[in-house]
Amino acid sequence: MYIAIEGIDTAGKSTQIAALAQKYPEAIITKEPGATELGREIRELVLSARAKSKKAEFLLFLADRAEHLKEVIEPNIDTKMIISDRSAISGVAYALIHGEIAQNELVSLNNFATNNTYPQKVFLLQLTKEELEFRLSQKELDGIELRGSEYLLNIQDAIIQAAKLLKIELVIIDATQPIETITKKILNNIN
């Protein structure tokens, strides 16, 4: 099974992926962007927020996604559990916010980059504005986080829209709940 954990920065994706790795020790743990050698370079570029063009940023995500599919997903999808930190949904969500690419083109370009291979189920760890702002205040912010809480909350809403556009099953979980409760909800939806 191929699943992904989605959510804006500080939602707890890494914590939940670590918990899932304990439950599925044979699973392939991966991420978008950045799971491959090329992907790590692309991730650095994206997180630096150096791209002035939102189309360029989106195309970087697509390049990572195509490489990720070839190196990580395709070799393992039929034989192993794959747990991904983010997925195509994030790339589409960020592009939706910027509004420079038509929705049908977003879908078409992602279908091209992924050969229509998407997670079978995606979990969105959803934060409230208050909790997001508290969590952001507790850390050093990267280029994306520096865009502010309203921007990140818009991304969170766009993740829901992106899942619908890509026709991917999305399970929304309140990320303000205790860690163990969130993990249990994810596991209940996998089995």
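Quick note: the coordinates plus some simple rules give every number you see, no bench work behind them. As the structure is a computational prediction, the values presented were derived from the model and not from experiment. Cβ coordinates were reconstructed from backbone atoms using ideal geometry, including for glycine residues, and neighbour counts include every protein chain displayed.
State the label only: which of [x] 34, 19, 14; [y] 25, 19, 18; [z] 22, 22, 15 corresponds to semi-axes √(5λ) of the Cα gyration tensor in Å computed from the shown model?
[z]
Do any of Lys23/Lys52; Lys80/Lys139; Lys52/Lys167; Lys31/Lys167; Lys54/Lys164; Lys52/Lys184 go past 32 Å between their Cα atoms, and which? List each step's numbers first, then the result.
On the way: Lys23/Lys52 41 Å; Lys80/Lys139 34 Å; Lys52/Lys167 30 Å; Lys31/Lys167 20 Å; Lys54/Lys164 22 Å; Lys52/Lys184 41 Å.
Beyond 32 Å between Cα atoms: Lys23/Lys52; Lys80/Lys139; Lys52/Lys184.
Which value in deg cm²/dmol, rounded to the nearest 500, describes the helix-derived mean residue ellipticity at 222 nm for the chain, given -39,500 (n - 2.57) per DSSP H run of n ≥ 4 and division by the residue count?
After summing the helix terms and dividing by residue count, I get -16500 deg cm²/dmol.
Under 17 Å from a point placed 7 Å out from the Cα of Leu45 along the Cα-to-Cβ direction: which residues of segment 84-106 have their backbone N that close?
Counting only backbone N, you get 91-92, 95.
Taking a virtual spin label 7 Å from the Cα of Glu105 along the C-beta vector, which residues in segment 43-71 bring their backbone nitrogen under 13 Å of it?
So the set is 54-59.
Give, in nm to one decimal, the length gained when the segment between Thr128 and Glu169 is fully stretched (0.36 nm per residue of separation minus the Cα-Cα distance).
Values: separation 41, 0.36 × 41 = 14.76 nm, distance 2.18 nm.
Using 0.36 nm per residue and subtracting the Cα-Cα distance, I get 12.6 nm.
Under a point spin-label approximation (7 Å from Cα along Cα-to-Cβ), what is the Lys54-Gln22 distance to one decimal in nm?
For Lys54 paired with Gln22, the spin-label model returns 4.0 nm.
May I ask you to list the GluC sites (Glu not before Pro) in segment 130-191 that are in a DSSP loop and have at most 16 other Cβ atoms within 10 Å of their Cβ?
Sites meeting the loop and neighbour criteria: Glu140, Glu169.
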